[in-house]
1. Report the label-to-label distance for residue 110 and residue 122 in nanometres (one decimal), using points 7 Å from each Cα along the Cα→Cβ vector.
2. Would you kindly calculate the translational diffusion coefficient of the chain, applying Stokes-Einstein with the Kirkwood radius from alpha carbon pairs, for 37 °C and a viscosity of 0.692 mPa s, and quote it in µm² s⁻¹ without decimals?
3. Quick one: check the C-alpha center-to-center distance for the stretch 143-179 versus the stretch 1-70, whole angstrom.
4. Please label the shape of the stretch 128-168 as rounded, prolate or oblate, based on the square roots a ≥ b ≥ c of the eigenvalues of the alpha-carbon gyration tensor (a/c under 1.5 means rounded; beyond that, a/b larger than b/c means prolate, else oblate).
5. Figure the gain on full extension for residue 99 and residue 20 (residue separation times 0.36 nm, minus the Cα-Cα span) and round it to one decimal in nm.
6. In whole percent, what relative contact order does the chain give with Cα contacts below 8 Å and a gap of six or more residues?
7. Quick check on packing: order 140-148, 26-34, 108-116 by the mean number of other C-beta atoms within 10 Å, highest mean leading.
8. According to a simple spin-label model (label point 7 Å from Cα along Cα-to-Cβ), what is the distance in nm between residue 46 and residue 82?
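Where a number appears in this text, it was derived from the coordinates with a stated rule and is not lab data. Everything quoted here is computed from the prediction, not taken from an experiment. Cβ placement follows ideal geometry from the backbone for every residue including glycine, while neighbour counts extend to all protein chains displayed.
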Amino acid sequence: MKLNRDTFEKADGICIQKGKWCNADCWRVTVDGDEWFVKDFSPRLLPLRWTLGIWLIRRECAFLQRVEAGGFTPTTSIRLDRFALAQRFVPSRALKSFAPGELTPTFFARLEKQVRTMHRQRIVHLDLRNANNVLVTPEGEPVLIDFQSAVSTRRMPTCLRKLLERLDLSGIYKHWARLAPESLNTPREKILLWQLRVRKWWRFRGYKFIMVRQRPLKEFETKLLRKYED
């Protein structure tokens, strides 16, 4: 059975996350034994779903299809209609749920390689500091999700492209420093350190809003700053 709006609405499903006023609802559904993740803007107010909803779904699906061959995102990204997209569901845990010592340095090296591969395709994610956007499969493989904030860097000046790629990498090194700090070498630490020093100028949090107040530094971030100030 083909997955489309009709089969999605008739399928057995669980709402993983109820979207707020400008966010999609996220579902896990089963159709003919296959599990799917669905992001759906159709429940939002009409002016939002017919403008922002359509635009976000179209651009995110396009980015997902561009990077799909890399093997570091869920497979088979499709648009159900103007307001929804679907991907194969990946059994996994969000990186946010892991404690220090649970993941090996090899995991983070693979994650870094995946992000650099994405950058060679001239795409930046821009929301990798959110640990919910990195999944860990039962086999210990990293998977990137939520490309709603992604940007193409194909026509950008080299200096701007490298700046945005550096922001992406700093997000990876943030998680690395929290979960496996002993294996984070000096060059990587210095990229994270750079981000911590310029963070007051980066007020965007994904596509959602501009932060008025910065979040407090985590303990490991404070220690890193002190390490290089001494």
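1. With each label point 7 Å from Cα toward Cβ, the separation is 3.0 nm.
2. Numbers: Rh = 18.8 Å.
It diffuses with D of about 174 µm²/s by this estimate.
3. 24 Å
4. Numbers: a/c = 2.85, a/b = 2.57, b/c = 1.11.
Here the stretch 128-168 falls in the prolate category.
5. Details: separation 79, 0.36 × 79 = 28.44 nm, distance 2.88 nm.
Gain on extension, residue 99 to residue 20, equals 25.6 nm.
6. On the way: 331 pairs, mean separation 32.4, N = 230.
Relative contact order comes out at 14 percent.
7. On the way: 140-148: 19.3, 26-34: 14.7, 108-116: 17.6.
Ranking the peptides 140-148, 26-34, 108-116 by packing returns 140-148, 108-116, 26-34.
8. 1.2 nm
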